[in-house]
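The values are calculated or read from the model by the stated rules, or taken from the named source; none is laboratory data. Keep in mind that what you see is a predicted model, and the values were worked out from it rather than measured. With ideal geometry, Cβ positions are generated from the backbone for all residues, glycine too; neighbour counts draw on all protein chains shown. Each accessible area value is taken on the protein alone, full model and side chains, heavy atoms only, with ligands, DNA and RNA left out. Shrake-Rupley method; radii C 1.70, N 1.55, O 1.52, S 1.80 Å.
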Amino acid sequence: MEHLTVDPHSHLRAAARERAGRTVARLEAGISAIEERRELVTARTIERETGLTFKTIQRNAAAYELYKAAAHTFRTRQERRPNRRRHGRANTPRPPIRDALLAYKKPHLVARLRTALQQIEALETALAVQAATCQEQHLRTILGLRVDNQRLEAQREFTGTGNH
């Protein structure tokens, strides 16, 4: 005994195909009417003529191909020019449009803040230790130089009085 698989959603698929076909037919009629009036075929003129939004046309593959074949923007592939002039600022870096940290949740930001504060504290401690070590080393160098200076002065005085 063979079991035939019956698609429980076949009626929905058939209705969707029918709607898509009606969309294509409305679009064809609308494009013809727009072209007869010698207007440019654009998304706005199509919506005004047929009531079909651009998103509706985009979702229907056949309608979108029909739109691309007739639309003014697809027929005249001109290079788009920005509306604003740059006034010599083309090479200056622009700040990011949205700060990436704004996307984080508060608990994540708090964890990052605590980590950053711990790192700052560790760096300040290391800096203080390094400063103390440097001061101690400088003091030893200064004391060593003073001892050498005293010894050289004593030697000079000793050699200087012996010759006179």
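Out of all the residues in the stretch 94-109, is one or more more than 23 Å from the chain's Cα centre (by Cα) and at pLDDT below 90?
Taking the stretch 94-109 and keeping what is more than 23 Å from the chain's Cα centre (by Cα), we get none.
No: the stretch 94-109 contains no residue that is more than 23 Å from the chain's Cα centre (by Cα) and at pLDDT below 90.
Out of the residues in the stretch 26-47 meeting the condition of being under 42 Å from the mean Cα position of the chain (by Cα) and hydrophobic (A, V, I, L, M, F, W, C), tell me which one is most open to solvent (accessible area, probe 1.4 Å).
LEU40
Six or more apart or on different chains, Cβ atoms under 9 Å: show the pairs whose first residue is in the stretch 61-90 and at pLDDT below 70 and whose second is in a loop (DSSP other than H, G, I, E, B) and open to solvent by 80 Å² or more (accessible area, probe 1.4 Å).
Here the result reads none, with nothing in the stretch 61-90 linked to a residue that is in a loop (DSSP other than H, G, I, E, B) and open to solvent by 80 Å² or more (accessible area, probe 1.4 Å).
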